[in-house]
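Worksheet: one structure, shown below.
Bear in mind these aren't lab numbers, they're just calculated from the coordinates by the rules spelled out. In this text the structure is predicted, and so the values were computed from the model without any measurement. Note that we place each Cβ from the backbone using ideal geometry, even for glycine, and neighbour counts take in every protein chain shown.
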Amino acid sequence: MGATAFIIIGSRPNITYGLPNPGYILILYENSAPVWEIRPLYPEIEDENILWVASINKMLEDALLMIGLYIVRDSELRKRSLEVFGKPLERKIEVVAYGRDVEKLREINRKVLPKYDIGLVLVPLEDSTVIHQLDVLKGYGNLWVSVNPPKFVMGREEW
């Protein structure tokens, strides 16, 4: 399977329509293991692509954790990540290898991520496992998220 979900990260919409200043995209690949990749959208953003092998049952939360660590760069979250991962953040991390220790970071992220002026557009495709994990977003308070699940697929008779 190829890419099955996308999250576009920008500023929280206030007065204007749409997602102001989109700067990053997360892409979920669901092959033998789920992998999230963060890519900057513009060459002016000199960040490198980041890959995480996510946990199957916490795929969406792992993406949100990546946003907290690599995009908003929350200082408390980054400090605690040293305790969990035992080293500075790398470009590729296998989250599943750290098991329950990562849950501590997810808990912190649920508290800190809504404090940032970010907006997310989540686009799970019809075969994405993330569609079954959307309820986790309720634990993130006033985090601005627009979820755009597939309603119909062009080229199929059902629509």
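Annotations for the structure displayed:
- Additional length obtainable on full extension of the chain from residue 53 to residue 17, 0.36 nm per residue less Cα span: 9.6 nm
- Inter-part distance where region 1-78 and region 94-110 are each reduced to a Cα centre, Å: 16 Å
- Between 0 and 90°, nearest 10: helix 75-85 axis offset from the chain longest Cα axis: 80 degrees
- Helix content alone sets the calculated 222 nm mean residue ellipticity of the chain: runs of n ≥ 4 DSSP H residues at -39500 (n - 2.57) each, divided across all residues, give -6000 deg cm²/dmol.
- Semi-axis lengths (Å, descending) of the ellipsoid that matches the C-alpha gyration tensor of region 3-147: 21, 18, 16
- Pairs spanning more than 22 Å between alpha-carbon atoms, out of 79/115; 92/138; 58/92; 79/138; 92/115: 92/138; 79/138; 92/115.
- With both residues required to sit in region 3-147, DSSP beta bridges show an antiparallel share near 75%.
- HN-Hα J in Hz across region 60-69 - Karplus 6.51, -1.76, 1.60, θ = phi - 60°, x for Gly and Pro: 5, 5, 5, 5, 5, 5, 4, 4, x, 7
- The residue among 63, 81, 132 whose Cα reaches farthest toward the positive pole of the charge dipole of the chain, with charges on the beta-carbon of Lys, Arg, Asp and Glu, is 81.
- Under Karplus coefficients 6.51, -1.76 and 1.60, residue-wise ³J(HN,Hα) of region 133-140 in Hz, glycine/proline x: 10, 5, 4, 4, 5, 4, x, 9
- Residue-wise HN-Hα coupling along region 118-131, computed from phi with Karplus coefficients 6.51, -1.76, 1.60 (Hz; x: Gly, Pro): 10, x, 10, 10, 9, 10, x, 7, 4, 9, 7, 5, 4, 4
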